[in-house]
1. Over the Cα atoms of the range 21-65, Rg to Rh with Kirkwood Rh, two decimal places?
2. What whole-number value in Å² describes the accessible area per residue of the range 170-279 for a 1.4 Å probe?
3. Between Arg243 and Trp706, what is 0.36 nm times their sequence separation minus the Cα-Cα distance? Round to one decimal in nm.
4. Report Tyr110's accessible area, 1.4 Å probe, all protein chains in place, as a number in Å² to the nearest 10.
5. Can you sort Lys261, Lys485 by 1.4 Å-probe accessible area, starting with the largest?
6. Got a sec? What order do Arg53, Arg560, Arg240 fall in by accessible area at 1.4 Å, biggest, i.e. largest, first?
7. Output the 0 to 90 degree angle, nearest 10, between the alpha-carbon long axis of helix 736-746 and the longest principal axis computed from the alpha carbons of the chain.
8. Amide H of Val80 versus every other amide H placed in the peptide plane: which residues, excluding those fewer than 5 positions away on the same chain, fall under 5 Å?
Amino acid sequence: MFLPHMNHLTLEQTFFSQVLPKTVKLFDDMMYELTSQASGLSSQNLEIQTTLRNILQTMVQVLGVLTGCVQHVCATQESVILESIHSLPSSVLHIIKSTFVHCKNSESVYSGHLHLVSDLLQALFKEAYALQKQLMELLDMVCMDPLVDETADILNMVLVIHSLLDICSVISSMDQAFHANTWKFIIKQSVKHQSIIKSQLKHKDIIASLCEDTIFSFHSCLQLAEQMTQSDTQDNADYRLFRKTLKLCRFFANSLLHYTKEFHPFLSDSCCILHQLYLQIYSKFPPSLYAVRVSKAHQEEIAGTFLVTLDPLISQLLACQPFMQVVLDRKIDLPCELQFPQCLLLVVVMDKLPSQPVDVQTLWCAESQLSESATRISLLKAIFYSFEQCSGELSLPVHLQGVESKGQAEVAVTLYQHVCVHLCTFITSFHPSLFPELDAALLDAVLSSKMITSLLAMDAWCFLARYGTAELCAHHVTLVAHLIKSCPAECYQLINLSILLKRLFFFMAPPHQVEFIQKFSPKEAENLPLWQYISFQAFSAELRKQTAHEVTKVGTAQCRKWLGSSRTLEELESLNIALSALLAVCNSASEALDIGQQTEVIEVASQLWVFLNVKQVTSQPYVQQTFSLLLPLLGFFVPTVDPQLISQVVTLQTSLLKLEPPDHVRLAIVDFVPSLGRLFIPKAIQDKILPSLSYILALLLADRNWLVEQHTLEAFTQFAEGTNHEEIVPQCLSSEEAKNKVVAFLEKARFVDETEAAKVERVKQEKGIFWEPTANMTVEEAKWPSLQPYAKRARHEFPSEEEYRSALQAAAGALEATESLLQKSPAPAWLLLEVEALQERIEKLKRYIL
């Protein structure tokens, strides 16, 4: 009532600064009175009910009066200087926040008696809503001169924005439209006065609140979509709410996009929050293993309306070094559900880099030239590392949207295909100055202990060989060849390099292949370690014949050299290399060998087999390797091998299987089985070979190792289809379990019929179990056991005869005591199993004695 009669230029000094602090105190006192007496509210206690309602009515009136004050200022001034009314916004915002907090907590404050005051609470909320709306209209009229340093005005505006931010956190779950409008005002005022207040704003708090509201709205959207999917009905009300929530998601994402664009230089301490926002969103959206079940139509709607706004956000952050350091942090430790989104994010970054300036590409891709290299890795290395963490998504596998090409419809692709295609596309646009980083990353990944990572790197390397020049391919082949020759012993890195060499060799131009032959001549024994890994199919017919002859000649000479030497275990390494090279020739260039050379190979293999015995094969890794190489060599020429030697081979295999040899030895035996299907066994030795052969197959079919079992089923099928001795087939299937396995394999039956949901849950559990040990594994622990012969132990005396007698007497005494107990009382249920286990140990001891 007094305001119209006062000078609007002196309102702050004469009125606002005098009245508003008292108004705030009055309002706070009333709020305290409300909360302290609300617990006593009931329909029977009319006194408290009247008191509380009177307080609420007074508060409504106060809010109405404040609205009138704000309206008066708006009506009397075209533009507002904040300093001239600075008490008004701060006091009003304090009262608005206090009101909204009370309304939000009203259910708990008034317990079960909310209905007694609900009408006044609604009026209170509406008045606060109207007051804030009027205040935002007033604040929109504020003018701040960027050329004038008015510290008080700057601090007042910053205080207003931060106060509105606090109000946003209160009303987020109360009124979606009001919440969105408040955010719209915050962003608008921040940008409007950007040049003056940018250094004072709490950018991290603003971005954190925006991200929090974005994620909350996104989760609400997913819950609505999940409910509609589960109900299988299209309720219009539910769908309208879904659309409304989805638009809110888009609004928050666009607001975040706008704010980060305007305040890009101030994002350094917010990058971790933005990174987590991206990961959290994609962890809950298909095809993540941790996503809720949403229909395809809803997925497309969410992706097309909301997720598309995250793409330009990442584009804006590419040039931001703190964001790069967060994403490529060497010590990043993400939970299982965020590893897949991290991989997707890295692929998105990789797709965007080619359109960026060279300095931005260098920022992400170069590692060695940066001072912070100790705390972050390059983008390519991060992609390979992140990729190998997605074991569950790779094994399931999850499918992602494919790329449309040549007018064909998009086809869903696996995660492996997705990463591989985008990686190869990135390689085509890789800046020349960064090629050393590419080479280093590919080689590092090829040498990985994770097979899937190594295969991805090989695929990318092979693409590079095809896409690049012939000279580049030749250079890489030579590089890999030197690395192979420099490997000190058998290890997984050597295996990975050998596979890469074999694949790259097919992309070499013929003139470069000739140069390779000259540089690494197959005539020299020192180059056999290299030629054992080369497929001779990569050569032209003429070169294939030449190199196959030379490798065979040198390989058989090395075998005869070993046969003529002292034949120690230490010398087996060179023998195994020669055998491996001969096997490579047989597998890829057998037609290039004449009869004489084939006979030579069979002769040396036959002579070498004589020196194998059960004890050495079960105990010495190098001898196991010799055994595993000789079997396929003999199997390759099995129709021309002496039947007596075949009999010796089968006998040794039978003896080995009784002693449960290592898996790789059993697999070598399995792989030899199909070759016996091509052999006609003379009647003179059938009685010796066929029973042993059926025994071998029966043991292998009963093997509990799933890999051995699967290979055995394949080998048995090939053997059964090719053999002339059909009577042996039913003898191998003596048990019902073996018959069922073979029938199920032939019918391609599934032993476990999982639902898709059950399969996803199993994969998630496996991922959680396997991740921890792998994450803590050192490089040394990841290496394979060395194939070097076991070191000789110091000589020691053999056990005396008395020691044997003493041990047997103790065993006999224990058996007598057990027999005595059985005479006194019935045997417990577990005793029979223990006795049978003892019987098996006795049988094993008898085999050692024999």
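The values are calculated or read from the model by the stated rules, or taken from the named source; none is laboratory data. Bear in mind that the values here come from a model prediction, so they are computed numbers and not experimental data. A quick note on method: Cβ atoms are made from the backbone with ideal geometry, for glycine too, and the neighbour counts reach across all protein chains shown. Accessible surface areas use protein heavy atoms only, side chains included; no ligands, DNA or RNA. Shrake-Rupley method; radii C 1.70, N 1.55, O 1.52, S 1.80 Å.
1. In the range 21-65, Rg relative to Rh is 1.02.
2. With all protein chains present, the range 170-279 gives 44 Å² per residue.
3. 161.7 nm
4. Taking all protein chains as shown, Tyr110 has close to 0 Å².
5. From most exposed to least exposed: Lys261, Lys485.
6. My answer, sorted largest first, is Arg240, Arg560, Arg53.
7. Its long axis makes an angle of about 70 degrees.
8. Placed amide hydrogens put Val142, Cys143 under 5 Å from Val80.
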